[in-house]
Amino acid sequence: MSNSRRQFTRTATLLTAGTVLLPNFNWAQSPAYIVRKGDTLGQIALRLGVNTRTLKQVNNLSSDLIQVGQKLKIPTGGNTGIETPTLGPTKTYIVVKGDTLGSIAARNGINLRSLKQANNLSRDLIRVGQALQIPNSASGQDLLAHVREATNRIHVRRDNWQRIVVHHSAIKYGNVKKYDAAHRRRGMQNGLAYHFLIGNGIDSGDGEIEIGPRWQKQQLGGHVKSYRINQTAIGICLIGNFEKTHPSKKQLDAFTQLMDWLQGDVLGKKVHFDGHRELKGEQTICPGKHFPLAAMHARYD
Ligand SMILES: [Zn+2]
């Protein structure tokens, strides 16, 4: 019993790999609730201002059993404008394959000791599916604040996006303004082919996430050959030529924060993940041999 239960939990977690619940999760735009550690169906219903039976009906639940990471639809008339009392100064992170305590601490700009303290851990051992409390970073390492804010103002076409493709820009210069102009000159009427750029400290900040007009307008990308894939693939481009140099630590931090947030908060689902060159029919070395594609696959597949 405990074994099959663990299996189920693990499966449920992998389906929402990388889900990060952030303190300012936008309830108003997200008529869904993601189950957190310690939640019961009754408590959730109470918080949402609906009765338990309605909550179960809307979600086709036959029992009261829910799983951490499970996404629940909020019934019409439910109170989607409230924040849950558990949204405090910490956020919850679900451990995925390839994570170490050290890498989680680094990505969140906190030290290992405070991460262990916050979770009462005496050892460095963590397991896939484990829920960790992430203390707020004092060093301002949240690279997503402006991206969340801008995205809260638009209607994300959640059902449309099925894939995320990572690119390098193959040159060390550039930012949204420059590439947008360049892509328009090349005849792309929607401008910048990617949805997001991650700067390297030259023409934008190191690890700075810039939002392209196609994300603002929820338009298809222009970043791969296949029109069909462009229609459903979010394009993220890190500035730099990663055949020659390595992405900076901050660029990779920004990338994983963006990936976790897109799949966790924005889309509420795990999507396909590819390096540009891995797509069929492409003849490119993008995102370059120094982009840690294998490590990212271990994390996001
Ligand atoms: Zn590319």
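If I go through the range 238-282 residue by residue, how many of them are polar (S, T, N, Q), in contact with a Lys or Arg (Cβ under 9 Å, 6 or more places away or on another chain) and modelled with pLDDT under 95?
Selection size over the range 238-282: 3.
Can we say HIS167 is outside any loop (DSSP other than H, G, I, E, B) and modelled with pLDDT of 95 or more? When the stated conditions are applied, HIS167 passes them. In this structure, LEU21 does not satisfy being at pLDDT 50 or above and closer than 22 Å to ARG158 by Cβ. Flag: ALA150 matches the condition of being closer than 24 Å to LEU252 by Cβ, assigned to a helix (DSSP H, G or I), more than 16 Å from the ligand (Cβ to nearest atom) and aliphatic (A, V, I, L, M). Being surrounded by fewer than 22 Cβ atoms within 10 Å (Cβ to Cβ), in contact with a strand residue (DSSP E or B) (Cβ under 7 Å, 6 or more places away or on another chain) and in contact (Cβ under 8 Å) with a residue 12 or more places away in the chain is true of ASP206. State the number of residues belonging to the range 180-200 that are free of Cβ contacts under 8 Å to residues at least 40 places away in the same chain and either in contact with a Phe, Trp or Tyr (Cβ under 6 Å, 6 or more places away or on another chain) or of a type outside the set (Gly, Ala, Ser) (or both). So the answer is 9.
The values are calculated or read from the model by the stated rules, or taken from the named source; none is laboratory data. Just so it is clear, the structure is predicted and the values come from calculations on it, not from any experiment. Glycine gets a Cβ as well: all are built from the backbone with ideal geometry, and neighbour counts include every protein chain shown.
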